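Written below as structure tokens is the structure these notes are about.
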Amino acid sequence: MIIAWLVAFVVFLIIEAASASLTSIWFAGGSLAALVALMCRAPLEAQLVVFVVVSFVLFLMVRPFAYKYLYRKRTDTNVDSLTGRKAVIKIKVDNEAGTGSATLAGETWLARAARRERPLSLVRLL
């Protein structure tokens, strides 16, 4: 059974190294804990319980912190980076007629109104 837990540990580490998105590192920790339980002469059922419990606890404790660390530097690109900026209306926006343009950061964009309002000269992108 020692070989089985070692193989499980290595396989989960290889999967984690290949994906690098925290998909199986919990199970590697669980299999290592089950190996320790085996060394303490625990029966197979106890080893399986240790594997499941340790994997679950690692998932609950580590995932939120790791997620913040891995995805903290999210940079908006393309249109998402323009949200909240101000644009100057150049041609009156009329959704029914299909007209309207605005200038933002030196570029002219097709403009459409989210709701019917009086003509504006300055808008904020949503």
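The values are calculated or read from the model by the stated rules, or taken from the named source; none is laboratory data. Keep in mind that this is a model prediction, so the values were computed, not measured. Positions of Cβ are generated from backbone atoms using ideal geometry, with glycine treated the same way; all protein chains shown enter the neighbour counts.
Descriptive notes on the structure:
- LEU104 being modelled with pLDDT of 80 or more, closer than 25 Å to SER21 by Cα and either loosely packed, with under 11 Cβ neighbours inside 10 Å or touching a strand residue (DSSP E or B) at 6+ places or on another chain (Cβ under 6 Å) (or both): no
- Selected residue (only one of ALA37, ALA42, ALA46 is free of Cβ contacts under 8 Å to residues at least 24 places away in the same chain, assigned to a loop (DSSP other than H, G, I, E, B), assigned by TED's automatic domain parsing to the domain that holds PHE12 and within 28 Å of ALA8 (Cβ to Cβ)): ALA42
- Condition check for ALA18: over 14 Å from TRP5 (Cα atoms) and among the small types (Gly, Ala, Ser): yes
- Hits in segment 10-31 - residues which are crowded, with 19+ Cβ neighbours inside 10 Å and among the hydrophobic types (A, V, I, L, M, F, W, C): PHE12, ILE25, TRP26, PHE27, ALA28
- Every pair of residues 6+ apart whose Cβ atoms lie under 6 Å, when the first sits in segment 19-32 and is at negative phi while the second is assigned to a helix (DSSP H, G or I) and of a type in the set (S, T, N, Q): TRP26/SER55; PHE27/SER55; GLY30/SER55
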